[in-house]
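Reviewing the structure listed below.
The values are calculated or read from the model by the stated rules, or taken from the named source; none is laboratory data. If you're wondering where the values come from, they're calculated on a predicted model, not measured in any experiment. Virtual Cβ from ideal backbone geometry, glycine too; neighbours counted across all protein chains shown. For the accessible areas, the whole protein counts, side chains as well, though only heavy atoms, and no ligand, DNA or RNA atoms are used. Shrake-Rupley method; radii C 1.70, N 1.55, O 1.52, S 1.80 Å.
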Amino acid sequence: MVLTKEIKQCMEKSVLCWLATSSADNTPNVSPKEIFHWYNGDTIIVANIASPQTVKNIKQNPKVCISFMDILVQKGFQLKGNAKIIHKKDIGFLEMEKILAQLTGGKFPFSSVTLITPEQCKPIIAPRYLLYPDTTEEEQVKSARQAYGI
């Protein structure tokens, strides 16, 4: 699955993403991630800053789900696929680290990266768009700003 321009733009507007994993015994775990980006057109990279459970789960079960959205527009994407942990000694780590380190501003060290290869994608949209089909993104942003007090 290739990440579309729309998916990449949404990812760049998103402050956080949520990465869902599952252990070998199928115990679920969802963890917010602050440093993530698309990589080589069809994968996603996530800095493992404080993610011991995420890393452990991916080593046991590579199936993951990652979600992100523009919190004001309240539209985003959910992608499902496979992940693997890339360590400093692995091929490609330095290139991935360079991309993610720019996002951290050097403030969050990390020694591994989660590399996600999406296989499925579906949009996420706020219920208001479905219940009130005439809702514009501008109206939704105004409503979200009021709700969040910004």
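Kindly check whether there is at least one residue in segment 102-109 that is in contact with a strand residue (DSSP E or B) (Cβ under 8 Å, 6 or more places away or on another chain), touching a residue at least 60 places away in the same chain (Cβ under 8 Å), open to solvent by 100 Å² or more (accessible area, probe 1.4 Å) and among the polar types (S, T, N, Q).
First, pick out the residues of segment 102-109 that are in contact with a strand residue (DSSP E or B) (Cβ under 8 Å, 6 or more places away or on another chain): 103-104, 108.
Retained after the next criterion (residues that are touching a residue at least 60 places away in the same chain (Cβ under 8 Å)): 103-104, 108.
Adding the requirement that they be open to solvent by 100 Å² or more (accessible area, probe 1.4 Å) leaves none.
Checking segment 102-109: not a single residue is in contact with a strand residue (DSSP E or B) (Cβ under 8 Å, 6 or more places away or on another chain), touching a residue at least 60 places away in the same chain (Cβ under 8 Å), open to solvent by 100 Å² or more (accessible area, probe 1.4 Å) and among the polar types (S, T, N, Q).
So Lys5 ticks every box in (1) at positive phi; (2) open to solvent by 50 Å² or more (accessible area, probe 1.4 Å) but one. Which box is left unticked?
Lys5 satisfies every listed condition except (1).
Being buried (at least 16 other Cβ atoms within 10 Å of the Cβ) and at pLDDT below 95: is that true of Gln140 here?
On the way: buried (at least 16 other Cβ atoms within 10 Å of the Cβ): yes; at pLDDT below 95: yes.
So Gln140 fits the description; yes.
Residues that are in contact with a Pro (Cβ under 8 Å, 6 or more places away or on another chain), open to solvent by less than 10 Å² (accessible area, probe 1.4 Å) and over 27 Å from Ser143 (Cβ atoms): does segment 26-47 have at least one? If you could, list the steps in order and put the result at the bottom.
Initially, segment 26-47 is screened for residues in contact with a Pro (Cβ under 8 Å, 6 or more places away or on another chain), giving 42-44.
This time we only want the ones that are open to solvent by less than 10 Å² (accessible area, probe 1.4 Å), so: 44.
Next cut, over 27 Å from Ser143 (Cβ atoms) only: 44.
Yes, segment 26-47 contains a residue that is in contact with a Pro (Cβ under 8 Å, 6 or more places away or on another chain), open to solvent by less than 10 Å² (accessible area, probe 1.4 Å) and over 27 Å from Ser143 (Cβ atoms).
Say whether the condition of being open to solvent by 10 Å² or more (accessible area, probe 1.4 Å) and over 25 Å from Pro127 (Cβ atoms) is met by at least one residue in segment 65-80. Show your work before the answer.
Kept after step one, since they are open to solvent by 10 Å² or more (accessible area, probe 1.4 Å), are these residues of segment 65-80: 65, 67, 69-75, 77-78, 80.
Checking which are over 25 Å from Pro127 (Cβ atoms) leaves us with none.
Checking segment 65-80: not a single residue is open to solvent by 10 Å² or more (accessible area, probe 1.4 Å) and over 25 Å from Pro127 (Cβ atoms).
Any idea which of (1) closer than 19 Å to Phe77 by Cα; (2) out of contact with any Gly (no Cβ under 8 Å at 6 or more places or on another chain); (3) not hydroxyl-bearing (Ser, Thr, Tyr) is the one Leu3 doesn't satisfy?
With respect to (1) closer than 19 Å to Phe77 by Cα; (2) out of contact with any Gly (no Cβ under 8 Å at 6 or more places or on another chain); (3) not hydroxyl-bearing (Ser, Thr, Tyr), Leu3 is out only on (2).
Regarding Glu95, is this residue acidic (Asp, Glu) and free of Cβ contacts under 8 Å to residues at least 24 places away in the same chain?
Details: acidic (Asp, Glu): yes; free of Cβ contacts under 8 Å to residues at least 24 places away in the same chain: yes.
Considered against the rule, which asks whether it is acidic (Asp, Glu) and free of Cβ contacts under 8 Å to residues at least 24 places away in the same chain, Glu95 comes out as yes.
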